[in-house]
Amino acid sequence: MRKRNLHLHLHLKRFVCGSTSSNHLISSATNSSRPRNLASAPFVGDEAEAVASPRKEEVKKSEKVEDDVEAPGISIGLNWALAGRGVIVKDKAFLNLKPSELRQKGATGAESLSGLPVHVRGNVLGGSSEISKAQFTFSGNIALNLEITFVEWVQKGVGWVTAHISSISIIFVHDGAIGSSPKCDAKVRIISDSPSAVLSLSSVLWRTPTRAVSHDSCPLTIYVATSISPSAGDVLGLGAQGNNDFIAADVERSSLILCGKAFTDAKGTKEALATLSGPIITSRGGLPLSAGLLVSGESVILLFASEDTIQSCSDMLVPGDPGVVLSSEGASPLFHNGNCVGSYLSKLPAAVIFVSSDSSGTIPSASKLSPGQAAYHFLAGYQNGKFMPAYSLCPSAVDPLELAKVFLSKIKDDQIPSFLINISEGEKQISGKDLVKFVQSTLLFKNIPPFEHKGGHLHKKYKSFLSTKFQQLPEEFSF
């Protein structure tokens with residue numbers, strides 16, 4: 001068995017190396033900057049797969065038997081599938097181990113990090129549409145890096161990480177999904193050098209059927225390199241000196257890199273995954289929204305609010321942080337957290353609530369919105385002088401105006417009522433349990449007046465803000 005596995009390893013290595021050599025994906029400069037033990041490890045990108053077209057049918061065939069394990073940690077089909085993602089199995093690769101099995105392999109809990117920047121390449125909200133596709137764009141708390149081109153990122157980023165993982169004797173693979181509906185979810189494959197990372201990351205993914213990832217047309221791939229050289233961040237230009245903890249995502253390649261202890265930054269990782277999964281979920285009929293999901297009795301409510309407001313009532317939200325997929329099957333959390341069960345997952349929202357904060361008294365405490373008004377406020381949430389659009393709690397790769405149009409169509413077709421509430425009472429703001437009670441009492445009150453603002457200065461602020469973001473809004477969108 002050992003001899004056969006070694007033969008397979010060498011066969012895969014010849015396949016991958018033969019593919020990459022003709023493309024010259026890894027420059028001599030990149031090779032010289034790598035640690036010596038990584039220099040011979042191969043890398044396969046999308047370009048390499050194209051060159052290796054004679055092998056595609058063989059790889060596809062092997063994926064069908066991906067779960068046919070010859071011995072623990074040894075599967076020809078899985079090895080071929082991983083080779084298609086640039087990772088050559090050196091010794092063993094374990095697929096979809098249970099938490100108890102991961103702990104037996106050495107998985108432990110790690111101290112959480114927070115505040116790591118999320119580096120995103122691609123057209124994302126907050127980046128610049130003027131930036132060439134051959135360059136990084138960054139969003140949210142992320143700056144712009146014009147010095148790293150796309151080719152350099154492929155060579156130094158994915159190439160460095162896949163080479164590192166290929167040098168590890170035992171690797172861990174886990175399949176899951178973002179979004180609980182199989183019809184409009186985004187399949188995910190984690191490829192990691194550490195069982196601890198898989199234990200942590202798998203807890204936020206929904207379970208998916210066996211071989212669902214290998215049969216999916218556009219799965220996401222998460223590469224985790226916890227033991228990569230501390231100089232990786234310096235070489236890639238993505239981390240502080242001597243720090244290898246960073247998160248880097250490529251929207252167009254549907255891939256995410258987590259280095260060092262970055263997998264312990266739950267917020268940053270979820271932001272990156274939400275960004276990557278957005279286009280996939282949208283293309284499959286789902287509507288990814290940065291909303292909280294509030295369960296009230298037998299009903300569910302979509303709650304759009306600032307991040308601070310959402311956090312103040314996180315104990316009463318499912319799954320506790322923003323991220324919802326709205327589809328024909330109902331509303332469901334984007335990520336799993338162990339508490340995402342119940343019949344509400346197949347229910348349409350009973351209402352949509354937009355939370356604003358206006359201490360000037362211009363916005364009433366509670367008012368009903370028309371579908372057109374709801375779409376307008378979806379694009380421009382107001383929080384005491386600042387605009388925080390409902391779609392922008394994390395970087396988005398989906399056109400916000402197109403998202404608003406689909407949102408408008410959805411609430412119209414399904415007759416979902418929308419409301420605008422003002423949580424400011426002078427200098428005091430409603431939050432936490434008081435906010436939840438306010439939302440629930442608002443829905444119980446049947447005669448909520450339609451939205452009418454007091455004074456025109458705020459309307460001018462809305463128009464000024466939106467005019468800088470969008471050239472023209474549909475006529476149905478109204479303040």
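Under 15 Å from the Cβ of Asp265, count the other residues' Cβ atoms, weight Lys and Arg +1, Asp and Glu -1, and hand me the total.
Its environment carries a net charge of -1.
When ranked by the protection proxy of mean other Cβ atoms within 10 Å per residue, highest first, what sequence do the peptides 282-294, 78-90 form?
78-90, 282-294
Which FRET efficiency, nearest 0.05, do Lys98 and Lys446 yield, Cβ-Cβ r, R0 56 Å?
0.65
Which of Asp414, Asp250 has the fewest other C-beta atoms within 10 Å, and how do the rest follow up to the most?
Working: Asp414 12, Asp250 21.
Listed from fewest to most nearby Cβ atoms, that is Asp414, Asp250.
If Rh is defined by the Kirkwood formula over all Cα pairs and Rg also comes from Cα, what ratio Rg/Rh do you get for the stretch 287-469?
For the stretch 287-469, the value is 0.93.
Report the calculated FRET efficiency for Val295 and Ser227 (r = Cβ-Cβ distance, R0 = 35 Å), to the nearest 0.05. Walk me through the numbers on the way to the answer.
On the way: r = 41 Å, r/R0 = 1.17.
Plugging the Cβ-Cβ distance into 1/(1 + (r/R0)^6) gives 0.30.
Packing-wise, with mean Cβ within 10 Å as the measure, how do 200-206, 313-319 rank, highest first?
Numbers: 200-206: 21.1, 313-319: 17.9.
By packing density, highest mean first, the sequence is 200-206, 313-319.
Taking the Cα of His457, stepping 7 Å toward and past its beta carbon, and measuring to each backbone N in the stretch 465-479: which are under 17 Å?
It comes to 465, nothing else.
Show me the ranking of peptides 219-228, 94-103 by mean Cβ neighbours inside 10 Å, starting with the highest.
By packing density, highest mean first, the sequence is 219-228, 94-103.
Read the figures in this text as sums done on the coordinates, not as results from a lab. Note that the coordinates shown come from a computational prediction; the quantities given were computed from them, not determined experimentally. No Cβ is skipped: glycine too gets one built from the backbone with ideal geometry, and neighbour counts run over all protein chains shown.
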